[in-house]
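Below is one structure, written out as structure tokens, with a few remarks after it.
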Amino acid sequence: MSESKRGGAQLARAVEKAYQAGQDDYHLEPMVLVENGKPVGKIGDGDAAVFCCRRGEREIELTELFTDPDFNKVQRNQLKDLDFVIMTMYHDKFKDLPIAFAPSHVVKPLAQVLSEAGKNQFHCAESEKYAHVTFFFNGGENAPFPGEDDVCVPSPKGIDFDQQPELSLPAVADQVMGALGKYDFVVTNFANGDVIGHTLNTAAKLEACKHVSHYLDVVVHDALAKGYVVAVTADHGNIEKLYTAAGKPDGAHTTNLVPFILMDPAHSGPIALRDGCLGDVAPTVLNVMGIPQPAEMTGKSLAEGHDFGKDRKMLLIICDGWGLGSGDDGDAIHLADTPYWDSLLAEQSWSKLHASGEHVGLGSGKAGNSEAGHSNLGAGRCVMQDDVRLDAAVKDGSFKKNPIFLQAIEHAKKNGTALHLLAYLTYKSSHGCIDYPLAICEMARDAGLDQVFFHIIFDGRSTEPGSAPKLLAELDEKLDAIGVGRIVDGVGRGVALDRDKNYDKVKRAYDAMVDGAGTRYE
């Protein structure tokens, strides 16, 4: 790596040492640049900062540390007069923060339609995927609709997930079976395919598939016995693909189609199903339950023509990260001991759904993700995702005219302070893209602000394992071309972007950025 004044080479050397100590990109502990024994580029009073991530559930806790005046989960050095910009609205609790790309809520998602029809409903997942069956499935609405009960089962804590591949699925299954018979509609997420699919542990992936098959067996049989129409589908692919083209373990999402299985205990014969996309699932639920589809839903039932009768109840199981794979030794679902899953494909009616790219509001050819998947599943239409909105803004030039970014830059100029960019070091994650902070850096340069600091969040999911040094070298070159910007610290996504209320962990990222705490490098 050629040396640069922008800080990437120094951080890359620190990353290499962390690799040697057994850390990986996802779990990198905070590393802080020092000069003359003092940390460089700390976020301080009067500064401006932009959180350049765009999703929501993983960004909430770090945003709380920076912005909530009443925050008391952990002790922190609370900053004064910090203009903290969030890229999208991570949670409605942040509605009064400056939001660069404010959201447009989905009108008439499935949960609202069911509520207005007088139906009660139950939404359940473990905490790793709880936001997906609530906030995302409900069209960006945090509060449950009237008649909706939500239950969050805690995911395992204090261990690497691949050491417990069943996760909290047994408890999720118990909650769902306890709700069957009491609610008109039940939706649940089996998280294992995605959470374990993101690991590089093949044995754990096969074990996770076994658990998913087993608990499908248990829950589906209970639902059918209670008269529920049952649908089993997925939000995107992941665990089915074990290896990259180079033969290395693969932990990334896929563009594979996903299954849609439909079972009606009141009907012994096959159900005619068509292929479609995730936006067709909510209309199918309404079709089953005999509820008129609102005009806002542009999807169509996958089971048009089937007579479900009246007053039917329905269970929707979303197997997270459970795509249709190659059916060979590179396919975890095919290799695993999954007798019930195999029987579903052999004996039940099913079709194939698009769950990636433009079919779910993502860029063409982009792998699906849990947020896009669940928002499409619940909306009953194609929902334009933040990455498409933001990428379009970058392409048409409106990104660099965004008034919220300009206000943050002006805040720093007026105070004679610095602009800080919490930068996600990847090109293709659903959480963000390094192009965003680079564009804001150019805006700062054009406005005459030269104090711009990059606080790197390493990905380790959408990026190849061990690729951080190469990505830092590329970032150095781009900052050299801009002529402004300096990389001053770095931390793994697994530390900074938590979604399970591990505030002690997130505090380590905060303390690195604000207090210069962490492994020091020069």
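The values are calculated or read from the model by the stated rules, or taken from the named source; none is laboratory data. Small disclaimer: the values here were computed from a predicted structure and weren't measured. In this analysis, Cβ positions are derived from the backbone assuming ideal geometry, glycine residues included, and neighbour counts consider all displayed protein chains.
Of the residues Ser343, Ser398, only one is in the same structural domain as Ala234 (by TED's automatic domain parsing) and among the hydroxyl-bearing types (Ser, Thr, Tyr); which? Within the list Ser343, Ser398, the selection yields Ser343.
Applying the condition of being under 14 Å from the mean Cα position of the chain (by Cα) and among the polar types (S, T, N, Q) to region 127-149 and asking which residue is surrounded by the fewest Cβ atoms within 10 Å (Cβ to Cβ) yields Ser127. Filter region 278-308 down to the residues that are touching a His at 6+ places or on another chain (Cβ under 9 Å) and surrounded by fewer than 24 Cβ atoms within 10 Å (Cβ to Cβ), then identify the one that is nearest to His132 (Cα to Cα). For region 278-308, the residue satisfying everything is Asn287. Does any residue of region 396-406 turn out to be of a type in the set (A, V, I, L, M), within 30 Å of Asn138 (Cβ to Cβ) and touching a Gly at 6+ places or on another chain (Cβ under 8 Å)? Taking every residue of region 396-406 in turn, none turns out to be of a type in the set (A, V, I, L, M), within 30 Å of Asn138 (Cβ to Cβ) and touching a Gly at 6+ places or on another chain (Cβ under 8 Å).
With respect to being assigned by TED's automatic domain parsing to the domain that holds Leu472, in contact (Cβ under 8 Å) with a residue 24 or more places away in the chain and either in contact with a Phe, Trp or Tyr (Cβ under 8 Å, 6 or more places away or on another chain) or of a type in the set (Lys, Arg) (or both), Ala439 fits the description.
Applying the criterion of being in a helix (DSSP H, G or I) and not small (Gly, Ala, Ser) to the residues of region 337-357, the residue that is farthest from Gly325 (Cα to Cα) is Glu347. Looking at Cys152, Cys124, just one residue is surrounded by 23 or more Cβ atoms within 10 Å (Cβ to Cβ), in a strand (DSSP E or B) and not assigned by TED's automatic domain parsing to the domain that holds Phe94, and that residue is Cys124. If you go through region 398-421 and keep only what is closer than 30 Å to Ala468 by Cβ and in a loop (DSSP other than H, G, I, E, B), you end up with Asn402, Thr417, Ala418.
All conditions but one from (1) surrounded by 20 or more Cβ atoms within 10 Å (Cβ to Cβ); (2) closer than 21 Å to Asn189 by Cβ apply to Leu242; the one that does not is (2). Scanning for something small (Gly, Ala, Ser), at pLDDT 95 or above, under 30 Å from Pro154 (Cβ atoms) and within 23 Å of the chain's Cα centre (by Cα), does region 473-492 turn up at least one residue? Within region 473-492 (the criterion being small (Gly, Ala, Ser), at pLDDT 95 or above, under 30 Å from Pro154 (Cβ atoms) and within 23 Å of the chain's Cα centre (by Cα)), the answer is yes, since at least one residue qualifies.
Looking only at residues in region 161-190 that are crowded, with 23+ Cβ neighbours inside 10 Å and either touching a residue at least 60 places away in the same chain (Cβ under 8 Å) or outside the structural domain of Asn238 (by TED's automatic domain parsing) (or both), the one that is nearest to Val219 (Cα to Cα) is Val176. The one condition from (1) in contact (Cβ under 8 Å) with a residue 60 or more places away in the chain; (2) within 24 Å of Ala252 (Cα to Cα) that Leu471 does not meet is (1). Being without any contact (Cβ under 8 Å) to a residue 40 or more places away in the chain, outside any helix (DSSP H, G or I) and either closer than 21 Å to Pro283 by Cβ or not assigned by TED's automatic domain parsing to the domain that holds Leu216 (or both) narrows it down to one residue among Gly158, Gly140, Gly118; which is it? Within the list Gly158, Gly140, Gly118, the selection yields Gly118.
Quick one: Asp331 ticks every box in (1) of a type outside the set (A, V, I, L, M); (2) under 25 Å from the mean Cα position of the chain (by Cα); (3) buried (at least 21 other Cβ atoms within 10 Å of the Cβ); (4) under 19 Å from His211 (Cα atoms) bar one, so which box is it? Result: Asp331 passes all but (3). Counting the residues of region 372-394 that are within 20 Å of Gly276 (Cβ to Cβ), touching a helix residue (DSSP H, G or I) at 6+ places or on another chain (Cβ under 7 Å) and not β-branched (Val, Ile, Thr) gives 12.
Would you mind stating whether Gly193 is surrounded by fewer than 18 Cβ atoms within 10 Å (Cβ to Cβ) and small (Gly, Ala, Ser)? The answer is no for Gly193. Every listed requirement among (1) assigned to a helix (DSSP H, G or I); (2) outside the structural domain of Ile317 (by TED's automatic domain parsing) is met by Tyr424 save one, (1).
Taking the numbered list (1) touching a residue at least 40 places away in the same chain (Cβ under 8 Å); (2) not in a helix (DSSP H, G or I) in turn, Ala444 passes all entries but (2).
Every residue, every condition in (1) at pLDDT 95 or above; (2) hydroxyl-bearing (Ser, Thr, Tyr), yes or no:
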| site | (1), (2) |
| --- | --- |
| Tyr228 | yes, yes |
| Tyr243 | yes, yes |
| Gly251 | no, no |
| Leu262 | yes, no |
| His267 | no, no |
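Only one of Asp162, Asp194 is at pLDDT 95 or above, of a type outside the set (Phe, Trp, Tyr) and more than 28 Å from Met314 (Cα to Cα); which? Just one listed residue meets the conditions, Asp162. Looking only at residues of region 370-426 that are within 29 Å of Gly357 (Cβ to Cβ) and free of Cβ contacts under 8 Å to residues at least 12 places away in the same chain, we find that the one that is nearest to the chain's Cα centre (by Cα) is Ala392.
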